[in-house]
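**Student:** Following this message is one structure expressed as structure tokens.
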Amino acid sequence: MLRRRLTINGIVQGVGFRPFIYSLARDIGLVGSVYNTSDGVKVELQGSLSQLEQFDARLRSEAPPLSTIISVKLEEIPILEDSEFTIVTSHDNASVSTLISPDVALCDECKDELFDEHNRRYRYPFINCTNCGPRYTIIENIPYDRRFTSMKHFPLCEVCHTEYQDPADRRFHAQPNACPECGPQVWLTDQKGERIDSRDSISKTIDLLVGGKILAIKGLGGFHLAVDATNADAIARLRLVKGRDEKPLALMVRGIDTAQELVDFNQEERATLLSIQAPIVLCTSKANAKIASNIAPGNDRLGVMLPYTPLHHLLLSEKLDTLVMTSANFSEEPICIDNDESLDRLSGLADYFLLHNRDIYLRSDDSVVMEMSGTIRPIRRSRGFAPRPIFMQNKGPSVLAVGGELKNVVGLSKDEKVFLSQHIGDLENLEAFEFFQMTIDHIQQIFEIEPELIIHDLHPEYLSTKWAKDQSIPLLGVQHHHAHLAACMAENNLDGPVIGIIMDGTGYGTDGTIWGGEFLLGDANGFERMAHFEPMPLPGGEAAIKSPWRIGLSYLHQVFDSNLPDSPALKDRDIQPIIQMLDANINSPLTSSCGRLFDAVAALSGGRQEIRYEAQAAIEFMQVAQNELGKDYSIFAPTLTDGKYIIPIKSVLENLLSRIDTGRNVSQLSQWFHNSLIHTFVRICEELRSEKGIEKIVLSGGVFQNRLLFEGLLAGLAQKGFSTFTHQQVPCNDGGLALGQVAIGLKYLQK
Ligand code: ZN
Ligand code: ZN
Ligand code: FE
């Protein structure tokens, strides 16, 4: 007979962990107890060695779906006179210093109850249990307890209370537990907030959607704007009011079978669609899918997700198979979360509002992922994932990383954990900036973190940088692409130094120019810029990004000066004002950006001349290659200048123009360009390897969302014997910057 005490840390509170321990111990015939303490969940177990070993084996393999066990500490303690296993309810101060679960999709058991006429929660849109439902978005404070969530306004009825207190029940200590008697309700209003009388507001909502109306629907992490995905007129109207011309819209489909009618997916993509995180998965669309053609015009991918709240399941259970479900906001503003706010901000956007009275404390957009090279990779890491931490190799002090400007995400570290916020978005409007500040306050509060250092981007004009400089905490400015490199190293637990191929849109360089096509050598301690694209002027600065043809013109002008070659793409353009701007060097910052080179080459090849959403030219240029690299390529042989390899743009343009002259079409040009970049990048890595003896390569920066380049480069590097490391926990775009900033900040404090 032995008695042991286990101290378990991780996501072990509010996720059905104690009931699980209780039934596991009883099942094995162990006696003892389980209780929460400030250093984790403690389990005292008494029984034979073989029983204890059985418990250890099953602890991890059978743990509840929302839990994450990070560590288990084991001590032998004296035997007691226990005769059964009990759950000792927490004393008030026994807040587990622990992790908070993300919000996750409705579980199968709750779904069965939702559609069971005899269940007391039949068609109740807020059904949940310890294995599913809202978490992070309803938490106001810690400990995670109903009185500190937005469920505090709904006292449990007797039946719910009994479930809540019964260790054998699926709803034992399920903080958001509710039923039609005691819980939140939905109702429908018109644009003015006047209630629409209806016996069943959900059925009425379905009828309105079928009738082509735009509905603002309050969900888990915010409002969606929804329309019937087969109704092209409704979608056109939605695009108009939302200020979103061509950017693809996400779909929510009834189930995996409906998804299969719309898109192709492999095993991993299927499992991801069905996962408890239920993100939007970017899949290849099928020809003849029965949806309107203006959902993702000119794009061969569709963003698809499955219903993840009970309300979604109800909306998609009868007349509708597929809904467009897009964040309810105008253009790039943050997603709407509050009832009054929504009526105010969305009244011109939606025809009707399906509201409810469970408040959302923290907005969280739908996450977006994409499979590349056999791995599911985040494009936007938000609902379902935040605030699950990324784990670092070592414990360190607490630091705050404020991210970049676009796709902002902030990060806070504590011990060996980095908590990355949900997607905050583009910090270019007041709403987003307020959301940014609120998120920082909130994460500091719920994880009890007081940072010793704030890490910000070097760009002096980023709102995140300006905010950081207003705080009275020591600061560290970090170069944008160095943060990308460190982010990829951190999530792969790599020690340096490595070669980072950082292909990006824009980032402020240490020399005051805009970088974005970089080969960096280094680690979280520091870096050296080893190679980059030749810097080119960007006439009109950031404004040029909307007009790829201007970038094409600028690059041609810079390389060929007054002998500007004929380019079919520029034939009917009024090019003089731009040339004057370039000649006078007015507002034409220099950039080595790979994203801008893509814009220039795409435009000159006959691709997109003007874009309606970020990276549209590059995305369409990649897709026109039909996933083929072809055989034709050039190597843009770098020149060695001041110890750095410079990739000459002249070589890119001369090779491109000669191919245009010989009648290559845009598809062939795209294949050639991708193939050439891959060969050029591999060549540079070989040079750097022979010079520095470094084999490890990390790939980061938003350009690596380009599947053709990413997969081709991985294959090319593997062929030459390099070890490559890529992102799979955080996005390769600026949504992953904060992780790198944290890693650099921690190293800085160590020194
Ligand atoms: Zn459930
Ligand atoms: Zn109830
Ligand atoms: Fe970036």
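The values are calculated or read from the model by the stated rules, or taken from the named source; none is laboratory data. On a predicted model such as this, the values are computed, not experimentally measured, just so you know. Reconstructed Cβ throughout: ideal geometry from the backbone, glycine too, with neighbour counts over all protein chains shown. We work out accessible area using only protein heavy atoms, side chains counted, and drop any ligands, DNA or RNA first. Shrake-Rupley method; radii C 1.70, N 1.55, O 1.52, S 1.80 Å.
**Student:** Name the lysines eligible as straight-distance cross-link partners of Lys644: C-alpha to C-alpha under 20 Å, and not fewer than 8 places from it in the same chain.
**Tutor:** Reachable lysines: Lys692, Lys696.
**Student:** As a test question: what accessible area, to the nearest 10 Å², does Arg664 have when a 1.4 Å probe is rolled over all protein chains in place?
**Tutor:** Rounded to the nearest 10, the figure is 90 Å².
**Student:** To the nearest 10 square angstrom, how much accessible area does Lys747 have with a 1.4 angstrom probe?
**Tutor:** Number for this one is 70 Å².
**Student:** Further question: Among the listed pairs Lys204/Lys319; Lys286/Lys631; Lys213/Lys242; Lys247/Lys286; Lys192/Lys218, which have their C-alpha atoms separated by more than 21 angstrom in this model? Spell out each step's value before the answer.
**Tutor:** Numbers: Lys204/Lys319 11 Å; Lys286/Lys631 28 Å; Lys213/Lys242 14 Å; Lys247/Lys286 19 Å; Lys192/Lys218 16 Å.
Pairs exceeding 21 Å: Lys286/Lys631.
**Student:** Could you list the trypsin sites (Lys or Arg not before Pro) in the stretch 605-656 that lie in coil according to DSSP, counting only those with at most 12 other Cβ atoms within 10 Å of their Cβ?
**Tutor:** Answer in residue order: Lys631.
**Student:** For Thr641 paired with Gln393, estimate the spin-label separation in nm (one decimal), with each label point 7 Å from Cα along the Cα-to-Cβ line.
**Tutor:** The modelled label-to-label distance comes out at 3.6 nm.
**Student:** Dimensions of the stretch 2-87 along principal axes (Cα, Å, largest first)?
**Tutor:** Taking the Cα atoms of the stretch 2-87, the three principal extents are 32, 25, 19 Å.
**Student:** Also: Run the numbers for Ser293 and Ser562: contour at 0.36 nm per residue of separation, minus the present Cα-Cα distance, in nm.
**Tutor:** Separation in residues times 0.36 nm, less the Cα-Cα distance, equals 92.4 nm.
**Student:** Tell me the relative contact order for the stretch 186-356 as a rounded percent, counting alpha carbon contacts under 8 Å between residues six or more apart.
**Tutor:** For the stretch 186-356, the relative contact order is 38 percent.
**Student:** What is the extension gain from Ser71 to Ser38, computed as 0.36 nm multiplied by their sequence separation minus the C-alpha to C-alpha distance, in nm to one decimal?
**Tutor:** Gain on extension, Ser71 to Ser38, equals 10.4 nm.
**Student:** Also, I was wondering about something else. Using the basic label-point model (7 angstrom from Cα toward the beta carbon), what is the Asp197 to His153 distance in nanometres?
**Tutor:** 2.4 nm
**Student:** What whole-number distance in Å separates the alpha-carbon centres of the stretch 39-73 and the stretch 348-382?
**Tutor:** Cα centroid of the stretch 39-73 versus Cα centroid of the stretch 348-382: 34 Å apart.
**Student:** With every protein chain present, what accessible area does Leu49 have (1.4 Å probe, heavy atoms only), rounded to the nearest 10 Å²?
**Tutor:** 80 Å²
**Student:** Quick one: helix 49-61 against the long Cα principal axis of the chain, what's the angle to the nearest 10°, folded into 0 to 90?
**Tutor:** Taking the Cα atoms of the chain, the angle to 49-61 is about 40 degrees.
**Student:** Turning to a different aspect of this structure: Between Leu430 and Ser61, what length comes free when the chain is fully extended (0.36 nm per residue of separation minus the Cα-Cα distance, one decimal in nm)?
**Tutor:** Taking 0.36 nm per residue and subtracting the Cα distance, the gain is 128.2 nm.
**Student:** What do you get for trypsin sites (Lys or Arg not before Pro) in the stretch 264-328 restricted to DSSP loop and a cutoff of at most 10 other Cβ within 10 Å of the site's Cβ?
**Tutor:** none
**Student:** Spit out the partnerless Cys residues in the chain, using Cβ distances under 4.7 Å as the pairing rule.
**Tutor:** Cysteines lacking a close Cβ partner in the chain: Cys110, Cys129, Cys160, Cys179, Cys283, Cys336, Cys488, Cys594, Cys685, Cys732.
**Student:** Which lysines have a Cα lying under 24 Å from the Cα of Lys42, excluding residues fewer than 8 positions away in the same chain?
**Tutor:** List returned: Lys73, Lys395, Lys414, Lys417.
**Student:** Treat every Asp and Glu Cβ in the chain as -1 and every Lys and Arg Cβ as +1, leave all other atoms uncharged, and give the resulting dipole magnitude about the Cα centre to the nearest 20 debye.
**Tutor:** 600 debye
**Student:** How far is helix 649-661 tilted, in degrees, relative to the longest principal axis of the Cα atoms in the chain, given as a value from 0 to 90 rounded to the nearest 10?
**Tutor:** 80 degrees
**Student:** Something else: Indicate, rounded to the nearest 5 percent, the antiparallel portion of the DSSP beta bridges found entirely in the chain. List each step's numbers first, then the result.
**Tutor:** Values: 83 of 112 bridges.
Roughly 75 percent of the DSSP beta bridges within the chain come out antiparallel.
**Student:** Top to bottom by accessible area (1.4 Å), largest first, where do His557, His459, His153 land?
**Tutor:** The ranking, largest first, comes out as His153, His459, His557.
**Student:** A further question follows. Please compute the net charge surrounding Gly540, taking Lys and Arg as +1 and Asp and Glu as -1 over other residues with Cβ under 11 Å from its Cβ.
**Tutor:** Surrounding charge for Gly540 is +1.
**Student:** Any chance you could check the Cα centroid distance between the stretch 687-751 and the stretch 585-622 for me, in angstrom?
**Tutor:** Each part reduced to its Cα centre gives a spacing of 23 Å.
**Student:** Here's another thing I want to ask about it. Using the alpha-carbon atoms, what tilt in degrees (0 to 90, nearest 10) does helix 232-242 show relative to the longest principal axis of the chain?
**Tutor:** 80 degrees
**Student:** If r is the Cβ-Cβ distance from Lys466 to Asn492 and R0 is 35 Å, what FRET efficiency results, to the nearest 0.05?
**Tutor:** Once rounded, the FRET efficiency stands at 0.65.
**Student:** Ratio of Rg to Rh for the chain, alpha carbon only, Kirkwood?
**Tutor:** 0.99
**Student:** Please report the antiparallel percentage of the DSSP beta bridges confined to the stretch 389-478, to the nearest 5.
**Tutor:** On the way: 10 of 17 bridges.
Of the beta bridges lying entirely in the stretch 389-478, close to 60 percent run antiparallel.
**Student:** Quickly rank 466-478, 25-37, 668-680 as a protection proxy: mean count of other C-beta atoms within 10 Å, highest first.
**Tutor:** Top of the packing list down: 668-680, 25-37, 466-478.
**Student:** Using bins 10 angstrom wide from zero, how does P(r) for the stretch 389-478 break down, in % of all Cα pairs?
**Tutor:** Values per bin, smallest distances first: 18, 54, 27, 2.
**Student:** Please report how far the C-alpha centroid of the stretch 298-334 lies from that of the stretch 483-499, rounded to the nearest whole angstrom.
**Tutor:** The stretch 298-334 and the stretch 483-499 have Cα centres separated by 35 Å.
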